[in-house]
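Heads up, the thing below is written out as structure tokens.
The values are calculated or read from the model by the stated rules, or taken from the named source; none is laboratory data. All values reported here derive from a predicted model rather than from experimental measurement. We place every Cβ from the backbone using ideal geometry, glycine too, and count neighbours over all the protein chains shown.
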């Protein structure tokens, strides 16, 4: 009798354990993946070459890095789909790039660029020269001479170097809300329609506002992570920043978004690095490490949220 009891109890425990294990596995497989699609944008292109170095264009470097990043990410993070805004040397307006990203329903927009700095102007005093000038008019016109300083002027490449990662500024909330609304398939073709929507459905606007704040925080977290990884490989980091002008595409996409300035094409040493196989590979490795950290962080947040939620 005891043997039968223990046998039945053992089978019961085994069954419960198996059921629990299956439930946990099912929960993991059905759990939503927070980062399943990344949109990579190679800056400029076609008629818009971007910044110009001694022998190369920003648009070509950005495309080379973006294509290499796509390939390397496919091997390093195979469960994430990659969408490219361009694969060839073509020009698309930033509004079109935003459309591509939004139509793809991306979870992250990663824009690749190359930085530029104006040449440094130098001057050297070379002595004095005699300058002729006149005063008065007609018969009263008189000729004069005076000694003036003479200078020799020239320029040298700007020594600025390093990386910068930009996010959209917090004061661009309206643009980001507009992008979110359109991506939610809500009929809102104009600002008037947006305002009407806010009046009619404040709950919806509140949720979109919360999503905007979440996207901003995620963008900031990723930007800081990217610059941290660049520091680890010895690159000069000019830190993660908000830039108020010139990055329309960052707040026109309905997802977290960052723009990475991978180096200064105006610095001869950096231009060589940006065009080299070694340099481009290192940049891609840095970005992949940062993206892995970002992905892990999102998954951890999702896990913590699901485990802390009350069971029904």
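List of remarks:
- Residues that are in contact with a strand residue (DSSP E or B) (Cβ under 9 Å, 6 or more places away or on another chain) and free of Cβ contacts under 8 Å to residues at least 40 places away in the same chain are absent from region 292-300 altogether.
- When restricted to residues that are farther than 30 Å from residue 112 by Cα and either free of Cβ contacts under 8 Å to residues at least 12 places away in the same chain or touching a helix residue (DSSP H, G or I) at 6+ places or on another chain (Cβ under 7 Å) (or both), region 142-165 contains 2.
- Residues located in region 29-60, provided they are out of contact with any helix residue (DSSP H, G or I) (no Cβ under 6 Å at 6 or more places or on another chain), farther than 19 Å from residue 161 by Cβ and outside any strand (DSSP E or B): 29, 30, 31, 32, 33, 36, 46, 47, 59, 60
- Screening residue 279 on (1) modelled with pLDDT under 95; (2) outside any strand (DSSP E or B) shows it passes everything except condition (1).
Yes/no matrix, rows are residues, columns are (1) in a loop (DSSP other than H, G, I, E, B); (2) more than 30 Å from residue 226 (Cα to Cα); (3) in contact with a strand residue (DSSP E or B) (Cβ under 8 Å, 6 or more places away or on another chain):
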{"residue": "128", "(1), (2), (3)": "no, yes, yes"}
{"residue": "132", "(1), (2), (3)": "no, yes, yes"}
{"residue": "139", "(1), (2), (3)": "no, yes, no"}
{"residue": "145", "(1), (2), (3)": "no, yes, yes"}
{"residue": "148", "(1), (2), (3)": "no, yes, yes"}
{"residue": "153", "(1), (2), (3)": "no, yes, yes"}
{"residue": "165", "(1), (2), (3)": "no, no, yes"}
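Each row is one residue, and each column tells you yes or no for (1) without any contact (Cβ under 8 Å) to a residue 40 or more places away in the chain; (2) on the phi < 0 side of the Ramachandran plot; (3) in contact with a strand residue (DSSP E or B) (Cβ under 7 Å, 6 or more places away or on another chain).
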| site | (1), (2), (3) |
| --- | --- |
| 212 | yes, yes, no |
| 217 | yes, yes, no |
| 221 | no, yes, no |
| 226 | no, yes, yes |
| 229 | no, yes, no |
| 235 | no, yes, yes |
| 238 | no, yes, yes |
| 248 | no, yes, no |
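- Qualifying residue in region 18-38 (condition: closer than 20 Å to residue 281 by Cα and either more than 30 Å from the chain's Cα centre (by Cα) or at pLDDT 95 or above (or both)): yes
- Restricting region 235-252 to residues that are over 16 Å from residue 284 (Cβ atoms) and at pLDDT 90 or above leaves a set whose member that is surrounded by the most Cβ atoms within 10 Å (Cβ to Cβ) is 240.
- Residue match in region 61-72 (condition: surrounded by 13 or more Cβ atoms within 10 Å (Cβ to Cβ) and within 17 Å of residue 253 (Cα to Cα)): no
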